[in-house]
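We did not get these values from a lab; they are worked out from the coordinates using the rules stated. Bear in mind the structure is a predicted one, so any value in this text is a computation, not a measurement. A quick note on method: Cβ atoms are made from the backbone with ideal geometry, for glycine too, and the neighbour counts reach across all protein chains shown.
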Amino acid sequence: MDTGLCARVLLLLEPARLLCNWMLPAEAHPAASQGAMAAAAGSSADSKVVCVTGASGYVASQLVAALLAKGCTVHGTVRSVANPAKTAHLKALPGAADRLKLFEADLLKAGSFDEALAGCSECHHTASPFFNDGVTDAELQLIRPAVEGTLNVLGSCKKNGVRTIVVTSSTAAVYGRREGNPAGHVITEAQWADEDLAAENKVHYVVSKIKAERAVWAFAEKEFPEARIVAVNPTLVVGPMLQPVMNTSSAVIAGFLSGEQTAVPSGYITIVDVRDVVAAHIAAAEREAASGRYLLVGGVAKWADLVASMREGTPSELAGKLPSEIADPAAEAPWRYNMKSTLTVDCSKATKDLGIEFRSPATSVRDLCADSVFQSLVKPVTA
Ligand SMILES: NC(=O)c1ccc[n+]([C@@H]2O[C@H](COP(=O)([O-])OP(=O)(O)OC[C@H]3O[C@@H](n4cnc5c(N)ncnc54)[C@H](OP(=O)(O)O)[C@@H]3O)[C@@H](O)[C@H]2O)c1
């Protein structure tokens, strides 16, 4: 790990946690990660009824696991309750037989979330399409589900008197500015990504997240001032997975094991651990003083250091395709996850208000690579 670079983010975090990140054993197995999340979020028995939208997704599956581990009853929404690839892993979670109820809901169907939100005291809205490739109709595939879907969920919350709401936004709604990140610039929650720039660059997912979060704050102000709505803004989320389907952020790491990435990118990436995102969701709902946006960034890391962490976590029989040569920065093809220069992000608000003690990118990457669900989903690229 390039500790000098990591320090740019982590110096703004708790020094004690920095030590702990390196001392903790790998929580490689999903069951272990659930335990860690419950502990991170406070494991007292909690009998409230909470809704998680997009329950089958990567972040949401871990969130459902953590909420069940805390004793909550969870109303999870999925697009198809009949699809075992989206539901079997949720039904198998400890506590699910008694306290998990699945509801069908689609972001683009008005009123779709009404039933799931009935009887709930809080809502965690994670559902939103997250993919970059294969976009043929950005409005239909990404922007409308993100924006109309969010308003649809918030409308159902209002209808059902659900006044504690945590929305998963993204650093996509924070990072990108025309002026970039000159030396000395510190990214905080006050910063908004430039929507026009994202549209010009055709990064439609980024546009969807900017528009969706703006819609949240407009709705909160004009339509639902009595609610306490919090946005969490994670960067690329990495760490153990529960769902048996490859998600976009885990696929970024999978590309190194599969042989898709033939060289180590020369630049940097910011990463946050899925367990810390889950802990932030739970703390944001529980802590009455939590408000506004929360940047969630565990650290900025050099790809060269992350590939070393991948090697640590990956069993030797699966590590054969990990690249070792670092790409020539002048010759390498642009890749959205390879930042040419480092940046500084201040996540002290999440540490202070939500009690998040961020894991390091090295830990997140190593633990994902050591995860058996992840390993089973990596498909080697054949020549
Ligand atoms: N992972 C990251 O690196 C990252 C970083 C920052 C922010 N986020 C945000 O975190 C949230 C969860 O992302 P994730 O990584 O967990 O992605 P994911 O695994 O792809 O999960 C996305 C979820 O959204 C649901 N969804 C998509 N379109 C839908 C629609 N039209 N109606 C109902 N549900 C729909 C999906 O349902 P299906 O299973 O039916 O497709 C899935 O459950 C998203 O809001 C994402 O923007 C993620």
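Using r as the Cβ-Cβ distance of T382 and L318, and R0 as 22 Å, what FRET efficiency do you calculate, to the nearest 0.05?
Working: r = 15 Å, r/R0 = 0.69.
Rounded to the nearest 0.05, the efficiency is 0.90.
Given a Förster distance of 25 angstrom, what is the FRET efficiency for E115 paired with A289, based on the Cβ-Cβ distance and rounded to 0.05?
Numbers: r = 31 Å, r/R0 = 1.26.
It comes out at approximately 0.20.
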If each of K91 and E148 carries a label point 7 Å out from its Cα toward its Cβ, how far apart are those two points in nm?
-> 3.1 nm
Cα axis of helix 58-69 to longest principal axis of the chain: angle in degrees, 0 to 90, nearest 10?
-> 60 degrees
Find how many whole Å separate the alpha carbon centroid of the stretch 61-139 from the alpha carbon centroid of the stretch 242-263.
-> 23 Å
When you count, for each residue, the other Cβ atoms within 10 Å and take the mean per peptide, how do 292-301, 200-209 rank with the highest first?
-> 292-301, 200-209
Figure the gain on full extension for K48 and A138 (residue separation times 0.36 nm, minus the Cα-Cα span) and round it to one decimal in nm.
-> 28.7 nm
Gain in span if fully extended, F131 to D196, counting 0.36 nm per residue against the direct Cα distance = 21.4 nm
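When the chain is fully extended, how far beyond the present Cα-Cα distance does E221 get from S348, taking 0.36 nm per residue of separation?
Details: separation 127, 0.36 × 127 = 45.72 nm, distance 2.54 nm.
That works out to 43.2 nm of additional length.
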Tilt of helix 248-258 relative to the longest C-alpha principal axis of the chain, in degrees (0 to 90, nearest 10)?
-> 30 degrees
Considering only A65, A96, A82, give the residue with the highest GNM mean-square fluctuation for the chain, with springs between Cα atoms whenever their separation is below 10 Å.
-> A82
So the angle from the long Cα axis of helix 204-222 to the longest Cα principal axis of the chain, reported in degrees to the nearest 10, equals 30 degrees
Among F131, F358, F256, which one shows the biggest mean-square fluctuation in a GNM of the chain, springs joining Cα atoms closer than 10 Å?
-> F131
Kirkwood Rh in Å, taken over all unlike Cα pairs in the chain | 20.8 Å
Helix-only mean residue ellipticity at 222 nm for the chain, each DSSP H run of n ≥ 4 adding -39500 (n - 2.57), per residue, nearest 500 = -11500 deg cm²/dmol
